[in-house]
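Notes for the one structure printed next.
The values are calculated or read from the model by the stated rules, or taken from the named source; none is laboratory data. Just so it is clear, the model here is predicted, and its values are computed rather than measured. Here the Cβ positions follow ideal geometry from the backbone for every residue, glycine too, while neighbour counts run over all protein chains shown. Heads up: the accessible areas ignore ligands, DNA and RNA and are worked out on the full protein's heavy atoms, side chains in. Shrake-Rupley method; radii C 1.70, N 1.55, O 1.52, S 1.80 Å.
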Amino acid sequence: MAGNDLGSLLGGLLGGGQQGGGPSGGSSGGGGNILAALLGALMSKGGAGGSNPLSGLLEGLNKAGLADQSQSWVGTGENKEVTGAQLQQALPDDTLRQVAEEAGVSPEQAANEIAQVLPQAVDKLTPEGQVPSGSLEDLIRQQQL
C-alpha cells in the first residue's frame, strides 16, 4: 500500500484533512497524510496491529497513560483532546522522527498535527464503539461509503 493512497483515504475520511486551520508550515498534505505516515510507520514495524495498525497504536497509547483519551475516541461519547506533547511521550521516538521526516516537519510539529486529527480519525474508524478487525484500508473505505 502506498502512503499517498492511505493519506488520500484518511484525508477523505477527515473531510479533506486538517480542521485546525492553524499555520501548517511546510506541511501541505494536511492531517490525513501525517496520520497515514504514522500508521504506515507503525505497520512497517510489524507491531501488534498487523494489517490494522490502529489497534497497535491504541494499545501503545493506553500503555503510555492515554487510556482515557483513546477510549473516548473509540467509544460513542465525546472525544477527549490530546496534546502534541502527550503524543511525543507516548509514541516511539524513531516512529515520530520517521513521520516528521516524511511530512517535512519537526517531530514536535508532527506530534501537534497528529494530535489535531487523531481523535476524529479514531472516532470515525470505530463507529460501533470498538476497533473493528480487518485491514486499515478496508475500515476507511467502509466509513466513506
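Return a yes/no flag: does segment 41-48 have any residue that is surrounded by fewer than 22 Cβ atoms within 10 Å (Cβ to Cβ), of a type in the set (A, V, I, L, M) and modelled with pLDDT of 85 or more.
No; the residues of segment 41-48 include none that is surrounded by fewer than 22 Cβ atoms within 10 Å (Cβ to Cβ), of a type in the set (A, V, I, L, M) and modelled with pLDDT of 85 or more.
Which condition number in (1) buried (at least 16 other Cβ atoms within 10 Å of the Cβ); (2) part of a loop (DSSP other than H, G, I, E, B); (3) of a type outside the set (Phe, Trp, Tyr); (4) free of Cβ contacts under 8 Å to residues at least 24 places away in the same chain is the one that residue 100 fails?
It fails just one condition, (2).
To keep it simple, each residue is scored yes or no on (1) under 18 Å from residue 107 (Cβ atoms); (2) modelled with pLDDT of 70 or more.
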| residue | (1), (2) |
| --- | --- |
| 4 | no, no |
| 18 | yes, no |
| 21 | no, no |
| 27 | yes, no |
| 37 | yes, yes |
| 60 | yes, yes |
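Open to solvent by less than 10 Å² (accessible area, probe 1.4 Å), hydroxyl-bearing (Ser, Thr, Tyr) and under 12 Å from the mean Cα position of the chain (by Cα), is that true of residue 70?
yes
Going by the structure shown, is residue 82 of a type in the set (A, V, I, L, M, F, W, C), touching a residue at least 60 places away in the same chain (Cβ under 8 Å), crowded, with 19+ Cβ neighbours inside 10 Å and on the phi < 0 side of the Ramachandran plot? Spell out the reasoning first.
On the way: of a type in the set (A, V, I, L, M, F, W, C): yes; touching a residue at least 60 places away in the same chain (Cβ under 8 Å): no; crowded, with 19+ Cβ neighbours inside 10 Å: yes; on the phi < 0 side of the Ramachandran plot: yes.
No, not satisfied.
Among 139, 96, 87, which is out of contact with any Gly (no Cβ under 9 Å at 6 or more places or on another chain) and closer than 16 Å to residue 7 by Cα?
Values: 96 fails: closer than 16 Å to residue 7 by Cα; 87 fails: closer than 16 Å to residue 7 by Cα.
Of the residues listed, the single one that is out of contact with any Gly (no Cβ under 9 Å at 6 or more places or on another chain) and closer than 16 Å to residue 7 by Cα is 139.
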